[in-house]
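Enquirer: The structure's right below; bear with me while I get my questions together.
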Amino acid sequence: MKNLVKIVAVVVVGLMISVSAMSQDKTIVGLAAGNSDLSTLVTAVKAAGLVDVLNGDGPFTVFAPTNAAFAALPEGTLETLLKPENKDMLVSVLTYHVVGGKVMSTDLKNGMVKTVEGSDVTVKVGPKVYINDANVLKADVNASNGVVHVIDKVILPPSMR
């Protein structure tokens, strides 16, 4: 019986290691596509034509809004952003959620951080971590080309506030 318990423990640990390694084999887009709670983000990334960029070498840090975050935008905002004629605006919003480099939660400090869009986000570190007014729900989801931090709000660049 003790041997069976040891074998099961080894198999479970092996599976955990392999699942962790598999997530690091996926790009940021691959991770998001595999998470049903980030499907709106994936739709937006596709509409903005950013799939190839976010599948690239990076490294990137992405503050990834959940589906609920997109649903909380004022009525009609998401639909407007997804229209082909508003692609530039959508690209601005999405690239405001991206920082160059791989920034883990332990690297975050209070202050301003430059986004790929060109504007700064405000990082507040305390009992909770905030990016502007968005709470980080899940930090440090590793990808092969960077890291994802899941957030509870869509953050808008200063030009759109």
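Enquirer: When segment 55-68 is examined, which residues are found to be surrounded by fewer than 22 Cβ atoms within 10 Å (Cβ to Cβ) and among the hydrophobic types (A, V, I, L, M, F, W, C)?
Expert: If the condition is that a residue be surrounded by fewer than 22 Cβ atoms within 10 Å (Cβ to Cβ) and among the hydrophobic types (A, V, I, L, M, F, W, C), then 68 is the only one that fits.
Enquirer: In segment 107-131, which residue that is under 16 Å from residue 152 (Cα atoms), among the aliphatic types (A, V, I, L, M) and surrounded by 15 or more Cβ atoms within 10 Å (Cβ to Cβ) is nearest to the chain's Cα centre (by Cα)?
Expert: Residue satisfying both the conditions and the ranking: 131.
Enquirer: Could you grab me the full set of residues in segment 57-71 that are among the small types (Gly, Ala, Ser) and under 21 Å from residue 107 (Cβ atoms)?
Expert: Of segment 57-71, the ones among the small types (Gly, Ala, Ser) are 58, 64, 68-69, 71.
58, 64 - these are the residues of segment 57-71 that are among the small types (Gly, Ala, Ser) and under 21 Å from residue 107 (Cβ atoms).
Enquirer: Name every residue in segment 85-117 that is within 26 Å of residue 43 (Cβ to Cβ) and free of Cβ contacts under 8 Å to residues at least 12 places away in the same chain, in order of residue number.
Expert: Correct list: 85, 86, 88.
Enquirer: If you check residue 139 against the conditions, is it at negative phi and touching a Lys or Arg at 6+ places or on another chain (Cβ under 6 Å)? Reasoning before the result, please.
Expert: On the way: at negative phi: yes; touching a Lys or Arg at 6+ places or on another chain (Cβ under 6 Å): no.
Spelling it out, it is not the case that residue 139 is at negative phi and touching a Lys or Arg at 6+ places or on another chain (Cβ under 6 Å).
Enquirer: For a quick check of your reading: which helices (runs of 4 or more DSSP H) sit entirely within segment 49-105 and have at least 2 residues that are among the hydroxyl-bearing types (Ser, Thr, Tyr)?
Expert: Ranges flagged: 77-82, 87-95.
Enquirer: Of the residues 159, 119, which is closer than 19 Å to residue 77 by Cβ and at pLDDT below 95?
Expert: 159
Enquirer: Turning to a different aspect of this structure: If a residue must be part of a strand (DSSP E or B), closer than 21 Å to residue 58 by Cβ and more than 12 Å from the chain's Cα centre (by Cα), how many such residues does segment 132-161 contain?
Expert: Pass one, segment 132-161, residues part of a strand (DSSP E or B): 134-143, 146-151.
From what is left, the residues that are closer than 21 Å to residue 58 by Cβ are 136, 138-143, 146-151.
Now restrict to residues that are more than 12 Å from the chain's Cα centre (by Cα): none.
So the count comes out to 0.
Enquirer: Let me ask something additional. Say we look at segment 1-58 and pick out the residues that are farther than 21 Å from residue 73 by Cα and acidic (Asp, Glu); which of these is modelled with the lowest pLDDT?
Expert: Within segment 1-58, the match that is modelled with the lowest pLDDT is 25.
Enquirer: Could I ask something else about it? Of the conditions (1) more than 17 Å from residue 42 (Cα to Cα); (2) modelled with pLDDT of 95 or more; (3) among the polar types (S, T, N, Q), residue 145 satisfies every one except a single condition; which number is it?
Expert: (1)
Enquirer: Could I ask something else about it? Being touching a strand residue (DSSP E or B) at 6+ places or on another chain (Cβ under 9 Å) and in a strand (DSSP E or B): is that true of residue 116 here? Before the answer, list the steps.
Expert: Values: touching a strand residue (DSSP E or B) at 6+ places or on another chain (Cβ under 9 Å): yes; in a strand (DSSP E or B): no.
So residue 116 does not fit the description; no.
Enquirer: For segment 67-77, does any single residue satisfy the condition of being among the small types (Gly, Ala, Ser), under 19 Å from the mean Cα position of the chain (by Cα) and modelled with pLDDT under 95?
Expert: No, there is no match, as no residue in segment 67-77 is among the small types (Gly, Ala, Ser), under 19 Å from the mean Cα position of the chain (by Cα) and modelled with pLDDT under 95.
The values are calculated or read from the model by the stated rules, or taken from the named source; none is laboratory data. Keep in mind that what you see is a predicted model, and the values were worked out from it rather than measured. Cβ coordinates were reconstructed from backbone atoms using ideal geometry, including for glycine residues, and neighbour counts include every protein chain displayed.
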